[in-house]
1. If we only count strands (runs of 3 or more DSSP E) wholly inside the stretch 218-298, which ones have 1 or more residues that are more than 20 Å from Asp205 (Cβ to Cβ)?
2. Condition test on Ile192, is it modelled with pLDDT of 95 or more, touching a Lys or Arg at 6+ places or on another chain (Cβ under 8 Å) and surrounded by 16 or more Cβ atoms within 10 Å (Cβ to Cβ)?
3. Let me spell it out: the conditions are (1) out of contact with any Phe, Trp or Tyr (no Cβ under 7 Å at 6 or more places or on another chain); (2) modelled with pLDDT of 95 or more; (3) buried (at least 16 other Cβ atoms within 10 Å of the Cβ), and Glu264 meets all of them except one. Which number is the exception?
4. Read through the list (1) in contact with a strand residue (DSSP E or B) (Cβ under 6 Å, 6 or more places away or on another chain); (2) at pLDDT 95 or above; (3) surrounded by fewer than 21 Cβ atoms within 10 Å (Cβ to Cβ), then give the number of the only condition that Arg216 fails.
5. Scan the stretch 282-311 and report the pairs whose first residue is more than 17 Å from Met234 (Cβ to Cβ) and open to solvent by 10 Å² or more (accessible area, probe 1.4 Å) and whose second residue is hydroxyl-bearing (Ser, Thr, Tyr) and outside any strand (DSSP E or B), with Cβ atoms within less than 9 Å and a gap of 6+ or a chain change.
6. Which one of these does Lys209 not meet: (1) within 20 Å of Ser151 (Cβ to Cβ); (2) not in a strand (DSSP E or B)?
7. Could we say that Val198 is touching a strand residue (DSSP E or B) at 6+ places or on another chain (Cβ under 7 Å), open to solvent by 10 Å² or more (accessible area, probe 1.4 Å) and among the β-branched types (Val, Ile, Thr) here?
8. Val158 fails exactly one of the following numbered conditions: (1) open to solvent by less than 50 Å² (accessible area, probe 1.4 Å); (2) assigned to a helix (DSSP H, G or I); (3) out of contact with any Gly (no Cβ under 7 Å at 6 or more places or on another chain). What is the number of that condition?
Amino acid sequence: MPVDYEINAHKYWNNFYKIHENGFFKDRHWLFTEFPELAPSQNQNHLKDLFLENKRSEVPECRNNEDGPSLIMEEQHKCSSKSLEHKTETPPVEENVTQKISDLEICADEFPGSSATYRILEVGCGVGNTVFPILQTNNDPGLFVYCCDFSSTAIELVQTNPEYDPSRCFAFVHDLCDEEKSYPVPKGSLDIIILIFVLSAIVPDKMQKAINRLSRLLKPGGMMLLRDYGRYDMAQLRFKKGQCLSGNFYVRGDGTRVYFFTQEELDMLFTTAGLEKVQNLVDRRLQVNRGKQLTMYRVWIQCKYCKPLLSSTS
């Protein structure tokens, strides 16, 4: 049975979006409180940070609405997600190889959003409840947003949304766990990667490789932002015995799956991928549904992890 849920995962998510279309999740306008990196003013700060960093170091250029309301944020250190762009210094030997590398770099410039100065990718975008608030709020002319989802139905709903602008956004179908399929952007080209209630939907054994692949897409100084289900969230406690596929990994009635994380598990995933912790906190809150006279104890985890500006081997 667990094998069926893995093999037919795309069918279960397609069915979910065919039933609910864009009426299930609400637009996540809390994003800019929790993740100011997505707001337009942040981009200007990145430019200042980059300038100061260069001057100092003389580095050459190189379900129901389950998202929850905003958190009270704790003090955190700043990590510039505007990257240093690499200029590869090539020794004067092996000119043929050098020419081939140059050709590859030219090809790498011809991708959607290649002229953008600030690039955001959302993985598991659903019907655009994160993407469209970003596009509506952030009017930075240098911004380009990529978004992908496992479900072709979800991506079709994004592309047919009146707010979808191909000059500022590129939506595509992608399986986070598919090691053979590459993302439509070069390595080291993204400023921000967003994972909101998506990592929990994949098999735990495949999470590390998925994060490793995403990490390679980040520029030095780029950030990975995550918000997902925490251990012993109300949703986990409601599952029946037969719905548990493996430790803390469950299947819902509609065939979609969900994992419930600890802070330590997420920290291990991100640091193993070469990222450094900026934030890793638990948001616990009691929600009251007055209509149904229900109290719900919610547990979410929010993380920000940064790609080091300079690699430890350099």
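1. It comes to 218-229, 276-289.
2. So Ile192 passes the test.
3. Condition (3) is where Glu264 drops out.
4. Here Arg216 meets the rest and fails (1).
5. Short answer, once both residue conditions are applied: Lys307/Ser81; Lys307/Ser83; Lys307/Ser215; Leu309/Ser57; Leu309/Ser80; Leu309/Ser83; Leu310/Ser57.
6. (1)
7. yes
8. Every condition holds for Val158 apart from (3).
The values are calculated or read from the model by the stated rules, or taken from the named source; none is laboratory data. Everything numeric here is computed off the predicted structure, so don't read it as measured data. Backbone-built Cβ (ideal geometry, glycine too); neighbour counts: all protein chains shown. Side chains included, ligands, DNA and RNA excluded: accessible areas come from the protein's heavy atoms. Shrake-Rupley method; radii C 1.70, N 1.55, O 1.52, S 1.80 Å.
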